[in-house]
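As structure tokens, the structure follows; a few thoughts come after it.
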Amino acid sequence: MRSSAQFQPAQPRHATMPYREVTIPADDARAEALSDALMELDALSVSVEDREAGTEAEQALFGEPGLPAPRSAWQHSLVHALFSTEAQADAALLALLGTGLLNDLAGVQQTDVPEQDWVRLTQSQFQPVCIEGRLWIVPSWHSAPENAPLVIQLDPGLAFGTGTHPTTQLCLGWLVQQSPWNGRDLLDYGCGSGILAIAAGLLKARSVSAVDIDPDAVRASQANAQANGVELAHCCHVDMLPEQRFDVVLANILAAPLKLLAPMLSARVKPAGRLVLSGILDRQAEELIQVYAPYANLHVHAEQDGWVCLAGTTYARP
């Protein structure tokens, strides 16, 4: 419970006043509780990230059918909270100390965040992207270039996949290079925004299915596919996909789940079909190739900014 003596109503913001960001290191037992408490303490936003991101100790939070239950939090996290003023940030930290959620201020940092036009900033980060000189990924606030052969119109939303990340571009590049797609069926496992499935549809795949574990991703894929005139054979949660093998299975997720999903993903590919994997750092490539060796002959198809796309053919079965 907050004390009214400690917390005064926020004063009107001056147009040039910076926001104040508080960063708190937390273990997995406290991150969620700290996040909830900070929102109760008038934080404008709260986010949590892996403190070990970019290191060998980085952990992926994931959940897939048939795999161990996902972790609910990283072992070592950084909790970021944004406040309107420095006074509000200080008051929130005092309140956390009083509740015992924060033992001391060791490691806690505060920084000023300049006020910005966040809509314009977000839009500026998503510019039209051209893949292999043929396929354009265009945010809705931009116009497609004249005479663009193929165009996917997308809005950044809750689902991953705007065409700007290297892993997405690597997969799109593979798709374009393999066209024409007539007569082939494709499964996009972990579809996010549906961008890869939509690309396969525009490249004239016979049928395209898209699955994800996130309901927001399924809804985003359905909406984006419809907006781009692409019909998906299936667009659903992974558990709802009917038993079927595909000519191509494409999975752009992360190395850790890709390793655990090797038997299942490979079993979804027809004999002598194509398997394409991304979301893999270059230092993880050889390990993934070995994990999939019993099922497919994979190789590094392409690399971009430290990320790789693996592609290959599954072994023919009797």
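The values are calculated or read from the model by the stated rules, or taken from the named source; none is laboratory data. Since the model is a prediction, treat every value here as computed from it, not as a measurement. We place every Cβ from the backbone using ideal geometry, glycine too, and count neighbours over all the protein chains shown. The area values use the complete protein model at the heavy-atom level, side chains included, leaving out ligands, DNA and RNA. Shrake-Rupley method; radii C 1.70, N 1.55, O 1.52, S 1.80 Å.
So the values come out like this:
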| read-out | value |
| --- | --- |
| Those residues of the range 173-194 which are under 18 Å from Phe246 (Cβ atoms) and not in a loop (DSSP other than H, G, I, E, B), in sequence order | Trp174, Leu175, Gln178, Asp185, Leu186, Leu187, Asp188, Tyr189 |
| Those residues of the range 133-142 which are open to solvent by 20 Å² or more (accessible area, probe 1.4 Å) and not in a loop (DSSP other than H, G, I, E, B), in sequence order | Trp136 |
| Residue in the range 204-226 that is buried (at least 24 other Cβ atoms within 10 Å of the Cβ) and of a type in the set (Asp, Glu) present | yes |
| Residue pairs meeting the criteria (Cβ under 8 Å; at least 6 apart or on separate chains; first assigned by TED's automatic domain parsing to the domain that holds Asp216, in the range 229-245; second of a type in the set (D, E, K, R) and open to solvent by 50 Å² or more (accessible area, probe 1.4 Å)) | Arg245/Lys270 |
| Enumeration of residues in the range 227-263 that are part of a helix (DSSP H, G or I) and either open to solvent by less than 30 Å² (accessible area, probe 1.4 Å) or within 15 Å of Asp212 (Cβ to Cβ) (or both) | Val238, Asp239, Met240, Ala255, Pro257, Leu258, Ala262 |
| Search result, residues across the range 278-297 that are assigned to a helix (DSSP H, G or I) and without any contact (Cβ under 8 Å) to a residue 24 or more places away in the chain | Arg283, Glu286, Ile289, Gln290 |
| Any hit, the range 265-276, residues being assigned to a strand (DSSP E or B), assigned by TED's automatic domain parsing to the domain that holds Lys204 and of a type in the set (S, T, N, Q) | no |
| Selection from the range 264-297 of residues that are crowded, with 18+ Cβ neighbours inside 10 Å and of a type in the set (D, E, K, R) | Arg268, Arg274 |
| Count of the range 298-313 residues which are without any contact (Cβ under 8 Å) to a residue 40 or more places away in the chain and over 23 Å from the mean Cα position of the chain (by Cα) | 3 |
| Filter result for Val300 (hydrophobic (A, V, I, L, M, F, W, C), at pLDDT 95 or above, open to solvent by 60 Å² or more (accessible area, probe 1.4 Å) and in contact with a helix residue (DSSP H, G or I) (Cβ under 9 Å, 6 or more places away or on another chain)) | yes |
